[in-house]
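A.B. asks: If you scroll down you'll find the structure; I have some questions about it.
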Amino acid sequence: MGDERVDTDTAMSPRTAQAWRIAELEREVRELRRTNRALRRWVTGTLSHDAAAETDGHDLAAAGLPDGIGAGTGAGVPDRATDGAEPAEHPKPAQHAEPAEHAGPAEHAGRDHPAPPPAPAHDSPAHRRPAQTPAPRPAVAFRALGPIEALVGGRPVDLGAPKQRALLALLVSTAGRPVPCDVIVEELWTGHPPPAAVSSLHAYVANLRRVLEPGRAPRTQPTVLRTHARGYLLDGRAVEVDVHRFSAHAVAGWQALDRGDAPGAVREFEGALALWRGPAYAEVADTALVRPDAARLEELRLSVAEGRCAALLAAGAHEIAVAELEAFVPDHPLREYGCELLSLALYRAGRQADALAVLRANQRYLARELGIDPRPALRRLEEQILNHAPALDWRAHPVASLKTARRPAPAADQRAPHRTARRQPPHHALLPRTDLPRTDLLRAPLPAEL
């Protein structure tokens, strides 16, 4: 055959020989395609056999048979996944294995045709299903409480140039919501985009997709950074953002403090504050699209810091609260609640003069900077410190009694003399007050919920 082909090529004209070689190549391509389809069918059948064998193994295990019997590789049963074919004495394919309710008794389990014992009447397929495992955590996690970072499979990845990082920070801040391309261009280039801004944006998106989904096959749809209409969408269901974790810790901390679990509140607040590494969405914190949410998160961070100090006071850790608040109050002199907490912590730590000095310094600062007087709560605290009011002394588990005292008592409770002592409040500063905006901050929708 090879000699004939050589002779034919010699006798043909160059153009005819070239056409003949092209035809040969086309035939070889068709043959390769047929072989590829056959291999694909064979692999699919082998995987189906493996899945069926695994299912049979689960069913037999549920029926009480020993491991390895009837699972496709045990004694008396051929290994179907090895060669893809079954001996003649086992004509049934694995996917058509008989259900457990048609099997023989358990004492024949060691024979050539093992079968599980008959299932009880109530044993439906739903009862034989394995327990559902919790959904796995998303493979991509973002850290936006500071400079933007991304972890893929638990490992940090390189996010590229500053503009590319800013693009990702912008999309993380709006996770779950599509952002039009013209808005992204306007935000990234601060209203002065270059002529090739759209092309650069497309290149940044392509680079981020390769980084965030390294195992994605070519020409397949991305699942993390998706195209949506004339913009882009970071799918909130496929990613985890530390902003959401921070909000969850903050809510859990306030709830623990409200029910009297001061140590639990301290743990939750510390877990929330530990997520911060700098200003939220640092790369794009000053853009018009991100600025409101960045301000909301900063206000919530300060409120959580005050809540942690309130929890420390409720737990009796007055000296620790003093150390934390002495660093917090000078940086935020207009937050009167922090001043109130510091004064109470100093008083409980045996520093009455320092407690009064804090209140009077705050009074002078407000009068000089804003021309206003302190809140009535601060003036009342000053009077209580001067009079050594017993209500300022720390009590074990004070939050429950404080929670009862701060709400208007019903008429029936007012007539009950044995409840009067329980409603005596230690001091209202142990808990964050309802006139602060923390309730609105905690109830503000997350970016993925907008």
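A.B. asks: Answer yes if at least one residue in segment 383-390 is more than 29 Å from Asp261 (Cβ to Cβ), modelled with pLDDT of 50 or more and open to solvent by less than 50 Å² (accessible area, probe 1.4 Å), and no otherwise.
C.D. replies: no
A.B. asks: Does any residue in segment 294-308 that is in a helix (DSSP H, G or I) come within less than 8 Å, Cβ to Cβ, of a residue that is open to solvent by 20 Å² or more (accessible area, probe 1.4 Å) and basic (Lys, Arg) six or more places away or on a different chain, and which pairs are these?
C.D. replies: Hits for this filter: Leu300/Arg438; Leu302/Arg335; Ser303/Arg438; Glu306/Arg335; Gly307/Arg438.
A.B. asks: Let me ask something else about it. Kindly indicate the residue of segment 236-253 that is charged (D, E, K, R) and open to solvent by 20 Å² or more (accessible area, probe 1.4 Å) and also farthest from the chain's Cα centre (by Cα) among those meeting that condition.
C.D. replies: Residue satisfying both the conditions and the ranking: Arg237.
A.B. asks: Now for a separate question. Return yes when Thr223 is among the polar types (S, T, N, Q), closer than 17 Å to Ala288 by Cβ and surrounded by fewer than 18 Cβ atoms within 10 Å (Cβ to Cβ) and no when it is not.
C.D. replies: No: the conditions fail for Thr223.
A.B. asks: Contact list please: Cβ distance under 9 Å, first residue in segment 238-256 and over 18 Å from Leu302 (Cβ atoms), second residue open to solvent by 10 Å² or more (accessible area, probe 1.4 Å) and of a type in the set (Ser, Thr, Tyr), pairs at least six apart or on different chains.
C.D. replies: Matching pairs, first to second residue: Ala238/Thr223.
A.B. asks: Right, something else. Within segment 122-137, can one find any residue that is surrounded by fewer than 18 Cβ atoms within 10 Å (Cβ to Cβ), in a loop (DSSP other than H, G, I, E, B), modelled with pLDDT of 85 or more and at negative phi?
C.D. replies: Scanning segment 122-137, I find no residue that is surrounded by fewer than 18 Cβ atoms within 10 Å (Cβ to Cβ), in a loop (DSSP other than H, G, I, E, B), modelled with pLDDT of 85 or more and at negative phi, so the answer is no.
A.B. asks: I've got another one for you. Tell me, please, whether a residue that is under 21 Å from Ala256 (Cα atoms) and in contact with a Phe, Trp or Tyr (Cβ under 6 Å, 6 or more places away or on another chain) can be found in segment 279-298.
C.D. replies: no
A.B. asks: From the residues in segment 272-289 that are assigned to a helix (DSSP H, G or I) and open to solvent by less than 20 Å² (accessible area, probe 1.4 Å), which one is modelled with the highest pLDDT?
C.D. replies: Going through the qualifying residues, I end up with Ala272.
A.B. asks: Among (1) without any contact (Cβ under 8 Å) to a residue 24 or more places away in the chain; (2) more than 21 Å from the chain's Cα centre (by Cα); (3) more than 29 Å from Arg301 (Cβ to Cβ), there is one condition Arg226 misses while meeting the rest; what is its number?
C.D. replies: Failing condition for Arg226: (2).
Residues are listed down the side, and each one gets a yes or a no for (1) within 28 Å of the chain's Cα centre (by Cα); (2) surrounded by fewer than 16 Cβ atoms within 10 Å (Cβ to Cβ); (3) more than 30 Å from Ile184 (Cα to Cα); (4) of a type outside the set (Phe, Trp, Tyr):
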{"site": "Val266", "(1), (2), (3), (4)": "yes, no, yes, yes"}
{"site": "Glu270", "(1), (2), (3), (4)": "yes, yes, yes, yes"}
{"site": "Arg291", "(1), (2), (3), (4)": "yes, yes, no, yes"}
{"site": "Ala295", "(1), (2), (3), (4)": "yes, yes, no, yes"}
{"site": "Val304", "(1), (2), (3), (4)": "yes, no, yes, yes"}
{"site": "Leu313", "(1), (2), (3), (4)": "no, no, yes, yes"}
{"site": "Ala327", "(1), (2), (3), (4)": "no, yes, yes, yes"}
{"site": "His332", "(1), (2), (3), (4)": "no, yes, yes, yes"}
{"site": "Ala345", "(1), (2), (3), (4)": "no, no, yes, yes"}
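The values are calculated or read from the model by the stated rules, or taken from the named source; none is laboratory data. The shown structure was predicted, so the numbers you read here are calculated from the model rather than taken from an experiment. Don't worry about glycine lacking a Cβ; one is built from the backbone with ideal geometry, like all the others, and counts go over all protein chains shown. Accessible surface is based on the protein model in full, side chains and every heavy atom, while ligands, DNA and RNA are left aside. Shrake-Rupley method; radii C 1.70, N 1.55, O 1.52, S 1.80 Å.
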